[in-house]
1. So for the chain, considering every pair of alpha-carbon atoms, how many percent are separated by more than 29 Å?
2. Applying the Karplus parametrisation 6.51 cos²θ - 1.76 cosθ + 1.60 with θ = phi - 60° to the phi angles of region 245-259, what ³J(HN,Hα) value in whole Hz is obtained for each residue in order, glycine and proline being reported as x?
3. Using modelled amide H (1.01 Å from N, peptide plane; none on Pro or chain starts), what sits under 5 Å from the amide H of Arg19, excluding residues fewer than 5 places away?
4. With unit charges on the beta carbons (Lys and Arg positive, Asp and Glu negative) and the dipole taken about the Cα centre of region 94-247, which residue among Ile238, Ala158, Ile182 sits farthest to the positive side?
5. Sticking with the crude label model, points 7 Å out along Cα→Cβ, report the distance from Val168 to Glu156 in nm, one decimal please.
6. Hey, can you grab everything whose amide H is under 5 Å from the amide H of Leu239? Only 5+ residues off in sequence or another chain; H modelled, so Pro and N-termini drop out.
7. Which residues' amide hydrogens lie under 5 Å from the amide hydrogen of Arg72, considering only partners 5 or more residues apart or on another chain, with H built in the peptide plane?
8. For the chain, with only Lys/Arg (+1) and Asp/Glu (-1) charged at the beta-carbon, what is the dipole magnitude about the Cα centre, in debye rounded to 20?
Amino acid sequence: MAATTRRFACTQCGMCCNRSPEVELSESAALADVFVFRLLFRLYTLPTSPERGTVSELFYQKKRLLAAHAARKYPKKVMRGGKRVERIHYLMLSALALDTRRGACAALEDGRCGIYERRPLGCRTVPFHYARADALAEHDFDTFVSTAGYRCDVGETAAVVLERGQIVDKGSVEARAQAETIAEADSAWKEAIVRRMKQGVVAGSPLPTLNDVEEQAGFGALTVSMRVAWEIAADAGILSVEQSQSLVRTQLETIERELANAGCAGADAETLTEMAAEYRLVLNG
């Protein structure tokens, strides 16, 4: 086989399940009984065209993926090398599961995935995350399997997952396609959230403005309560009021379960306690 062939099989060592996942908005509704979610705001930028020294194929793959998943994209002038240049900004919205168990995903049970049949897409595409360009697959694979402590099977009996730079693993290919389908289906939901961002406060929980997200971009991402996203979805007719209330109720049960977990302490416990009070207030009208 060609030198670029890569083989892979999961050994269920659980080592890569060292944190809880980031998922699409629709996935948060399906997994509210497993994870405690926060609505995540993140900003990515790209130049308007490939810059000198960059690989065109990689640039256009990144551009396509960002456009497919973005809640909003818009041009903006920024300072680069003492000059004002135009960059394209991509506002990304997703659901971030809080790390409520130190060094382990909240779905792990005795070192194994307790939700394997309904695990999120980010897990289904390991070691090729669906948000990463195909042109990076070989690099991402090598980095993943060489991580200290990981016990992935890359031997001759493992299945071929990458060949000549192309992902050939059927499960990964299907999950990557499904991620784009979900992103398209969630687009109306994301647009509704962006509209609310322009209006300010939603039921006592402030949403960040685009300026807030831009100012924070160099330091990290911003999060707010996931219930805001579910309530916006109900207001926009994407979820029913009953479904939104059910998600709040389910999420409160998940928060209370994680608070009872001996591994949850310190700042994590404080955040969960505040969220539990917020969710109880909502349910009590």
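None of the figures in this text is laboratory data; all of them are computed from the coordinates on show. Keep in mind that what you see is a predicted model, and the values were worked out from it rather than measured. Cβ atoms come from the backbone with ideal geometry, glycine included; neighbour counts cover every protein chain shown.
1. The proportion of pairs with Cα distances above 29 Å equals 40 percent.
2. Going residue by residue, I get 5, 5, 5, 4, 5, 5, 5, 4, 4, 5, 4, 5, 5, 5, 5 Hz, with x marking Gly and Pro.
3. Hits under the 5 Å cutoff: Cys105.
4. Ile238
5. 1.7
6. Amide H neighbours of Leu239, under 5 Å, 5+ apart: Ala234.
7. Those qualifying (amide H under 5 Å, at least 5 residues apart or on another chain) are Leu91.
8. The dipole of the chain has a size of about 1080 debye.
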